[in-house]
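For reference, the structure discussed in these notes is given below.
The values are calculated or read from the model by the stated rules, or taken from the named source; none is laboratory data. What you see is a predicted model, and the numbers here were worked out from it, not measured in a lab. Cβ placement follows ideal geometry from the backbone for every residue including glycine, while neighbour counts extend to all protein chains displayed.
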Amino acid sequence: MNTRFDSYRETTPGRANVGDSPDLLAYYGRLSELGAGALWTVANKIEPWQPVPHSAPMIWRYLDLREAVLRALKLVSPEEAGRRVIYLANPNRQDVAAAVGWLYSGLQVMAPGECASSHRHSASALRFIMEGSGAFTNVDGHKMTLGRNDFVLTPNGTWHEHGVAENGTNCIWQDGLDIPLVNALEAGFYEVHPDLRQAISYPIDESSSMWGSPGLRPAGADWQRRYSPLLKYEWEPTYEALCRYAAVYDGSPFDAIHMDYVNPATGGPVMTTMGASIQMLRPGERTRAHREVGNFVYQCAKGSGWSIINGQRYDWSERDIFVVPSWTYHEHGNSSQTEDTCLFSFHDLPAMRALGLYRQEALGENGGHQPIT
Ligand code: GTQ
């Protein structure tokens, strides 16, 4: 079975298997002149048997990245750079600035008193706060204070600006955007706010106060937009939710104690293209391998562990970031026998599901494959 594009001929009945001949080569030349081609010369390449990820599994260690990210503080200002971000480059996807699949990720750093100009774009964005105090973001006039491990949305089409309060410390957060996807779809617009800054139109952290109480929603509230009205998911209640769930549930064999960040108005994903999840592995816990149609960017939010991705082991600890490309087997383990570990992830599953493309498959006990959905 051909899973790479290096040979276009296959002997399986039903697949293209046409040898070259002088007549055929001349014919292909003529088709090319006409702006056309023979499907059988490319069919096996453009219709692989299964997803063929071009992104490599990768890990970026925070110990290495952090120092490089902090150096940018002295080298460029947010005014010069627009945003002071170091992006994560997957070697085969440099041309589209993807960390994995069609997802972009970067580490943004800001010093106390700095603020990046307000802008909006067709790409959806999310942030996961890595370190520092005093960070804030303003999304369409909803200003939010941001702390360690908080998860925040800047949905497509919303004006947003980020900064750090005068009395804060240097802050670093991970950005996740669907820029490569939006560009692949040739659908991207970008605007700078006419005043470079936007007004604060609501009480600070108002979206959390309105929409952030579990199991409750404001009576009669009308929410028609296609993204979550809750824009910030704070770490403390998130971790508490994992602990409560872990107390009553054995955990998924593939993802342990696994919860999705959701739109409280719908129960669905937080944005149309990208979703985010948090999972906990209890002391000594390890999961079974499975693979999914979808691309994942993980950040270790707490503790330490390892993942086996496509047969290779990657050890990670707090703040390390790693990626799992589509249809790639992966399993996770907690390396501690006493502490839990938590993995934040964002992914393109909402896009995959909306398009009817999602699948998952477990790695079978005997090396075979067991479909599980
Ligand atoms: O703040 O919206 O890392 O537009 C890259 C592009 C962040 C943002 C990035 C962006 C943003």
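Numbers for the structure displayed
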{"quantity": "Some residue of the stretch 315-322 being polar (S, T, N, Q), modelled with pLDDT of 95 or more and under 28 Å from Tyr87 (Cα atoms)", "calculated": "yes"}
{"quantity": "One residue from Met271, Met259 being modelled with pLDDT of 95 or more, part of a loop (DSSP other than H, G, I, E, B) and under 24 Å from Arg217 (Cβ atoms)", "calculated": "Met271"}
{"quantity": "Odd one out for Gln94, checked against (1) under 30 Å from Glu161 (Cβ atoms); (2) among the polar types (S, T, N, Q); (3) part of a loop (DSSP other than H, G, I, E, B)", "calculated": "(3)"}
{"quantity": "Counted residues, the stretch 185-226 - those being within 16 Å of the ligand (Cβ to nearest atom) and among the small types (Gly, Ala, Ser)", "calculated": "2"}
{"quantity": "Matching residues in the stretch 82-94 - criterion: being at pLDDT below 95 and near the ligand (Cβ under 9 Å from one of its atoms)", "calculated": "Gly82, Arg83"}
{"quantity": "First in the stretch 135-155 and free of Cβ contacts under 8 Å to residues at least 40 places away in the same chain, second anywhere and surrounded by fewer than 21 Cβ atoms within 10 Å (Cβ to Cβ) and of a type in the set (Ser, Thr, Tyr), Cβ under 6 Å, 6 or more apart", "calculated": "Phe136/Thr145"}
{"quantity": "Strands (runs of 3 or more DSSP E) lying entirely in the stretch 103-149 (those with 3 or more residues that are surrounded by fewer than 18 Cβ atoms within 10 Å (Cβ to Cβ) and out of contact with any Gly (no Cβ under 9 Å at 6 or more places or on another chain))", "calculated": "none"}
{"quantity": "Members of the stretch 315-329 that are within 16 Å of the chain's Cα centre (by Cα) and either farther than 21 Å from Thr272 by Cβ or part of a helix (DSSP H, G or I) (or both)", "calculated": "Arg319, Asp320, Ile321, Phe322, Val323, Val324, Pro325, Trp327, Thr328"}
{"quantity": "Hits in the stretch 39-61 - residues which are of a type in the set (A, V, I, L, M, F, W, C) and in contact (Cβ under 8 Å) with a residue 12 or more places away in the chain", "calculated": "Leu39, Trp40, Val42, Ala43, Trp49, Val52, Ala56, Met58, Ile59, Trp60"}
{"quantity": "Residue check for Asp64: more than 14 Å from the ligand (Cβ to nearest atom) and outside any loop (DSSP other than H, G, I, E, B)", "calculated": "yes"}
{"quantity": "Among residues of the stretch 223-255, those that are closer than 17 Å to Val270 by Cβ, part of a helix (DSSP H, G or I) and free of Cβ contacts under 8 Å to residues at least 40 places away in the same chain, counted", "calculated": "2"}
{"quantity": "Pairs where the first residue, in the stretch 345-372, is farther than 18 Å from Pro253 by Cβ and the second is modelled with pLDDT under 95, C-beta under 9 Å, 6+ apart", "calculated": "Tyr358/Thr373"}
{"quantity": "Only one of Trp173, Trp159, Trp102 that is in contact with a Pro (Cβ under 8 Å, 6 or more places away or on another chain) and either more than 28 Å from Pro53 (Cβ to Cβ) or more than 9 Å from the ligand (Cβ to nearest atom) (or both)", "calculated": "Trp102"}
{"quantity": "Single match in Ala43, Ala111, Ala97, Ala26 (criterion: under 30 Å from Ser345 (Cβ atoms), modelled with pLDDT of 95 or more and over 23 Å from the mean Cα position of the chain (by Cα))", "calculated": "Ala111"}
{"quantity": "Glu79, sole failed condition from (1) assigned to a helix (DSSP H, G or I); (2) away from the ligand (no atom under 16 Å from the Cβ)", "calculated": "(2)"}
